[in-house]
Structure formats: structure tokens, C-alpha cells
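Down below is the structure, laid out as C-alpha cells.
Derivation of every value follows stated rules applied to the coordinates shown; laboratory data play no part. The shown structure was predicted, so the numbers you read here are calculated from the model rather than taken from an experiment. As a convention, Cβ positions derive from the backbone with ideal geometry for all residues, glycine included, and neighbour counts pool all protein chains shown.
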Amino acid sequence: MTELVAERIREAIILGSFPLGTKLSEQKLADQLQVSRSPVREALVLLQIEGLVRVLPKRGSFVFSPDARITRDLCEHRIILETACLKLSIERNHKALLKGMREGIDLMESAIKASDTKRYSLGDLSFHRTIIAQSNNTSMIKVYETTIGPLMALRTHLFTITGIQLDRSMQEHTEMLNACTMQDVSKAQAICAKHINHLAEHVLEEKLDLT
């Protein structure tokens with residue numbers, strides 16, 4: 001139950017339902033998820049370990065607030081994981097990788113047409129999770145899901161709150177798909193690294209420091 005509750009809260013933070021810095025009420029979460037407060041409290045402890053939640057004595061629980069150092073560290077971590085998984089996915093599950101990437105791109109394209117930044121974030125998340133999932137490496141899949149949440153939440157914040165342009169993001173996803181189609185591992189990894197590093201650049205450009 002605790003893991004299921006943590007998963008629901010994690011996804012809500014990543015997709016922006018709970019904005020960065022928001023105070024989280026155990027009772028409200030329990031009511032929304034139709035569970036007792038005990039699994040909610042335990043889930044928040046798990047999410048604190050993942051870096052998505054900060055539990056402050058006598059003040060309560062809050063969605064994390066990023067700074068430039070945290071963003072840099074998370075980007076470096078994500079680059080290492082995703083570029084490694086790109087290589088494995090191309091080698092092990094090429095067709096499934098391309099299918100999942102195309103589905104993510106289709107969702108992002110439809111989101112742009114509808115000016116729906118939250119749907120774009122969903123497509124972006126689907127695209128990158130495909131890269132990890134098709135590696136067939138259960139260890140890296142688990143590490144990705146339990147460590148990369150803060151960066152994904154920050155990305156959603158940039159998409160939906162600061163209103164950054166999505167054109168460059170869309171172009172890089174397409175370039176990555178093309179490189180994977182050609183099974184050009186080095187090129188796909190280079191595009192992936194550049195794409196992830198742009199997030200850190202956006203944080204600096206927007207002077208986003210919510211701590």
C-alpha cells in the first residue's frame with residue numbers, strides 16, 4: 001500500500017499536479033487516495049529519500065524546491081543513465097524502442113497543436129521512459145524511476161509554469177528518433193546529452209531557484 005501511494009504522489013509531482021514548493025497535507029492526500037494517513041506518511045518518507053519531498057519538523061511536508069546545484073547533479077545523473085540505456089535499447093529491442101519513441105512524439109505533437117503543456121510533458125515522459133524500459137535492465141529501470149523524479153518535475157514546471165518554447169525540445173526528440181532508427185548509437189547519445197543539458201540552461205535562464 002505504501003509503495004502504491006508513493007507511486008501516485010510521485011506521478012502527481014512529476015506531472016505538476018503538486019507544484020514545486022507546495023505544502024502537502026497528509027489528510028488531504030489520504031482523502032484523495034482513499035487510504036488512511038499511515039501509508040501516506042510512510043510514502044512521504046520514501047519520497048523524501050528520492051528527493052521529491054522535504055519533511056520539515058513542526059512545519060510539515062513540501063514538494064522539493066530546486067537550485068542550480070541540484071539541477072546540475074540531476075542532469076549529470078540522468079545523462080549517464082539514459083545514454084547507457086539508449087545503447088542497450090538499440091541493441092536489444094530496436095523495434096520496440098522506435099515504436100515507443102514515435103508514440104511519445106505523436107503525443108507531444110498533438111499537445112503542441114492543442115497548446116497543452118501538461119500533455120506535452122506526458123509525451124516527453126513516455127518518450128524517455130521508453131528508452132529506459134527497452135534496455136531490459138531491471139536495475140537501471142528501478143534506479144531511474146526512484147531517482148529521476150525531481151528532474152522530471154522540474155522539467156514539467158518549466159514547460160507549464162515558465163512557458164518555455166517547446167520547438168527545440170520537439171526537434172531534439174525527433175533527431176534522437178532518427179539517430180536510433182539508423183542505429184547510430186554515438187549520435188543518439190550525443191543528442192540525448194545535449195537535450196538533457198538544455199534543462200539546466202533553462203533553469204539558469206529563468207533564474208529558477210525556489211529554495
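At 20 °C and 1.002 mPa s, what whole-number value in µm²/s does Stokes-Einstein give for the translational diffusion of the range 59-170, with Rh from the Kirkwood sum over Cα pairs? Provide the component values of the computation, followed by the final result.
On the way: Rh = 14.9 Å.
Roughly 143 µm²/s, to the nearest whole number.
Counting Lys +1, Arg +1, Asp -1, Glu -1, what net charge surrounds Ser121 among other residues with beta carbon under 13 Å of its beta carbon?
So the environment of Ser121 carries a net charge of +1.
Under 13 Å from the Cβ of Ser169, count the other residues' Cβ atoms, weight Lys and Arg +1, Asp and Glu -1, and hand me the total.
Working: positive: Arg155, Arg168, Lys194; negative: Glu109, Asp124, Asp167, Glu172, Glu175, Glu201.
Here the charged neighbours net out to -3.
How large is the charge dipole for the chain, taken about the Cα centre, if only the Cβ atoms of Lys, Arg (+1) and Asp, Glu (-1) carry charge, to the nearest 20 debye? Could the numbers behind the result be given before it?
Values: 27 positive and 26 negative charges, 81 e Å.
In total the dipole reaches around 380 debye.
Test of understanding: express the Cα radius of gyration of the range 1-120 as a ratio to 2.2 N^0.38 Å, with N the residue count. Can you show the working numbers first?
On the way: Rg = 17.6 Å, N = 120, 2.2 N^0.38 = 13.6 Å.
The range 1-120 yields a ratio of 1.29.
Taking only C-alpha pairs under 8 Å that are 6+ residues apart, what is the relative contact order of the chain in percent? Write down the numbers at each step before the final one.
On the way: 276 pairs, mean separation 56.6, N = 211.
After rounding, I find 27 percent.
Calculate how steeply helix 138-147 sits against the longest principal axis of the alpha-carbon atoms of the chain, using the helix alpha-carbon long axis, and give the answer as 0 to 90 degrees to the nearest 10.
Here the helix axis deviates by roughly 50 degrees.
Helix 68-92 sits at what angle to the longest principal axis of the chain, using alpha carbons and giving 0 to 90 degrees rounded to 10?
Value to nearest ten degrees: 50.
According to the Kirkwood expression over distinct Cα-Cα pairs, how big is the hydrodynamic radius of the range 56-116, in Å?
Numbers: mean 1/r = 0.0662 Å⁻¹.
Taking every pair of different Cα atoms in the range 56-116, averaging 1/r and inverting gives 15.1 Å.
In nm, to one decimal, how far is the Arg59 label point from the Lys194 one, both placed 7 Å along Cα→Cβ?
Taking the two extended label points, one gets 4.1 nm.
Using alpha carbons only, how many degrees (0 to 90, rounded to 10) separate the axis of helix 94-113 from the longest principal axis of the chain?
Helix 94-113 and the main axis of the chain meet at about 70 degrees.
Going by average Cβ density within 10 Å per residue, which order do the peptides 117-128, 45-56 take, highest to lowest? Display every interim value, and only then the final one.
Values: 117-128: 20.2, 45-56: 17.3.
Packing order, densest peptide first, comes out as 117-128, 45-56.
Which length gain, in nm to one decimal place, applies between Arg119 and Ser25 when the Cα-Cα distance is subtracted from 0.36 nm times their residue separation? Mind dumping the intermediate values first?
Working: separation 94, 0.36 × 94 = 33.84 nm, distance 2.59 nm.
Fully extending the segment from Arg119 to Ser25 adds 31.2 nm.
In whole angstrom, note down how far apart the Cα centers of the range 1-63 and the range 66-123 are.
If you average the Cα positions of each part, the centres end up 24 Å apart.
Would you work out which of Ala96, Val63, Thr83 lies farthest towards the positive end of the dipole of the range 63-109? Charges go on Cβ: Lys and Arg +1, Asp and Glu -1.
It is Ala96, whose Cα lies furthest towards the positive end.
Given the range 1-68 reduced to its alpha-carbon atoms as identical point scatterers, what log10 I(q)/I(0) does the Debye formula return at q = 0.17, 0.18, 0.26 Å⁻¹?
Ignoring solvent entirely, the Cα scatterers give -0.51, -0.58, -1.26.
If I take every Cα pair under 8 Å that is 6 or more residues apart in the range 68-166, average their sequence separation and divide by the length, what percent do I get for the relative contact order?
Numbers: 96 pairs, mean separation 33.0, N = 99.
It comes to 33 percent, rounded to a whole number.
Arg102 versus Ser139, label points 7 Å from Cα toward the beta carbon: distance in nm?
The two pseudo-label positions are separated by 3.3 nm.
Tally Lys and Arg at +1 and Asp and Glu at -1 over the other residues with C-beta under 13 Å from the C-beta of Leu74: what net charge comes out?
So the environment of Leu74 carries a net charge of -1.
Please give every one of the lysines within straight-line cross-link reach of Lys99, meaning a C-alpha to C-alpha distance under 26 Å, and leave out same-chain neighbours fewer than 8 residues apart.
Cα-Cα hits under 26 Å: Lys87, Lys113, Lys118, Lys142, Lys187, Lys194.
As an exercise, use a Förster radius of 35 Å and the Cβ-Cβ distance of Thr174 and Ser17 to find the FRET efficiency, rounded to the nearest 0.05. Each step should come with its number before you reach the end.
On the way: r = 28 Å, r/R0 = 0.80.
It comes to 0.80.
Give the average over all directions of the projected area of the C-alpha convex hull of the chain, one decimal, in nm². Intermediate results must be reported in sequence, preceding the final value.
On the way: hull surface 45.9 nm².
One quarter of the hull surface, i.e. the mean projection, equals 11.5 nm².
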